[in-house]
Amino acid sequence: MPRPLFARSGAPLTSLSFYVLLSLSSDDRDPAGILEDMTMSSAGRVRLTQARLKISLRRLVGSGFVIAQDGDLYRLTHEGRLQLADELERMERAVRLARGRRVSQDS
């Protein structure tokens, strides 16, 4: 079995992978639905083509974070949910650190 690309090593996800996992955390979606949800969730900051999304989905499927279902639908796996939770926790720590530094600089 090939080694997963992201292996929950604590390494941050790319923005694209993060938004794909986030999109799939609420519902199974086809690529068009993922693109629409990503655009809305990122306030239009993450834009990509169907081809680039397909490459990302292939990688996430290979890593075991997403599974492809019949009819071109994708579903987040348990491991994908854990990876998303790890990434959200990492982001929250970074925000707390940044806020703490900004507050201490104002003192």
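Label point of residue 75 set 7 angstrom out along Cα-Cβ; within the stretch 14-39, amide nitrogens under 16 Å from it belong to 24-31. For the Cα trace of the chain, dividing Rg by the Kirkwood Rh returns an Rg/Rh value of 1.05. The accessible area of residue 14, taken with all protein chains in place and a 1.4 Å probe, comes to roughly 70 Å².
Counting only DSSP H runs of at least 4 residues, each contributing -39500 (n - 2.57), and dividing by the residue count of the chain, the helix-based mean residue ellipticity at 222 nm comes to -19500 deg cm²/dmol.
The simple spin-label model puts a point 7 Å past each Cα toward its Cβ; for residue 51 and residue 11 those points are separated by 2.5 nm.
The residues 19, 74, sorted by heavy-atom accessible surface at 1.4 Å with ligands and nucleic acids left out, run 19, 74 from largest to smallest. When only Cα pairs below 8 angstrom with a gap of at least 6 residues are kept, the chain shows a relative contact order of 31 percent.
The values are calculated or read from the model by the stated rules, or taken from the named source; none is laboratory data. For clarity, every value in this text was computed on a predicted model and none was experimentally measured. Positions of Cβ are generated from backbone atoms using ideal geometry, with glycine treated the same way; all protein chains shown enter the neighbour counts. The accessibility values were calculated without ligands, DNA or RNA, using every heavy atom of the protein model including side chains. Shrake-Rupley method; radii C 1.70, N 1.55, O 1.52, S 1.80 Å.
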